[in-house]
Amino acid sequence: MTGKMVTMYDADNKHHGFKMSKILLVEDDQPLREMTAKYLRSLKFLVDTADNGTDALEILRFSAFDAVVLDWELPGLHGPEVLKKFRARGGLTPILMLTGKNKLSDKTEGFNSGADDYLTKPFDLEELVLRIHALLRRSGRHTPADTLKARDIELDTATLSVSRNGTVLKMLPKEVALLEFLLRHPGQVFSAEQLLDRVWSSSSDASPEAVTACIGRLRKKIDCDSDEPLIKTIYGLGYKLDM
């Protein structure tokens with residue numbers, strides 16, 4: 001299956017609400033896959049990729065995603081087969097089918113297999129992002145761009161600026177990403193492995209130790225001399241952000 005991108009868009013402010021959403025892109029056309037992944041990452045999506053249906057199904061077994069962009073014609077298992085198997089084992093992640101098939105009967109098959117949306121090749125990158133946005137919004141997995149706050153810490157999701165009592169803090173990109181994720185899930189406990197899955201790309205060489213180290217650096221910057229740390233360790237379970 002091949003496809004052509006109509007236009008390559010620059011990232012701009014209207015896409016900042018997509019930050020921290022994790023997407024699985026399954027496409028066997030390498031140039032198309034790489035171009036699409038690069039564009040989504042430029043808009044601050046976390047993107048993992050697969051080039052065949054068998055690997056995609058295995059990735060979905062062990063990793064959580066906010067949405068999946070799934071090609072129809074794939075080596076191994078075709079897109080509809082991946083969909084059926086994923087839904088059969090209880091998978092609820094929103095899935096957008098990406099295909100050159102445009103007959104009504106084909107669309108019917110895709111939707112009957114469990115697809116949430118359908119985009120025909122060749123497609124426009126801007127439309128793809130708008131459709132992902134709609135899937136995230138309908139599923140409740142999307143939070144608009146805003147200022148996230150906890151005690152005296154503020155994170156501006158439009159500029160990725162973190163401040164404490166109005167003073168801007170120097171942060172590494174991964175520290176900002178981890179803080180944003182925790183700010184969006186206050187009070188929830190996440191293990192190092194879960195944080196690694198949701199904040200780091202599965203294609204990275206990061207380990208649970210990298211998460212622990214990042215937590216440590218983050219605490220030094222946001223807690224200072226506070227008696228009550230913002231990010232608490234729940235021994236034996238993981239970490240949570242206290243409001």
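The numbers here are math on the coordinates, done by the rules we state, and not lab data. What you see is a predicted model, and the numbers here were worked out from it, not measured in a lab.
Taking H placed 1.01 Å from N in the peptide plane, check which residues at least 5 places from residue 21 or on another chain put their amide H under 5 Å from its amide H.
Hits under the 5 Å cutoff: 46.
Take the alpha carbon atoms of region 147-241, find their radius of gyration, then divide it by 2.2 N^0.38 Å using N residues; give the quotient.
1.02
Going down the list 22/84; 38/240; 84/232, which pairs span over 29 Å between their C-alpha atoms?
Violating the 29 Å limit, Cα to Cα: 38/240; 84/232.
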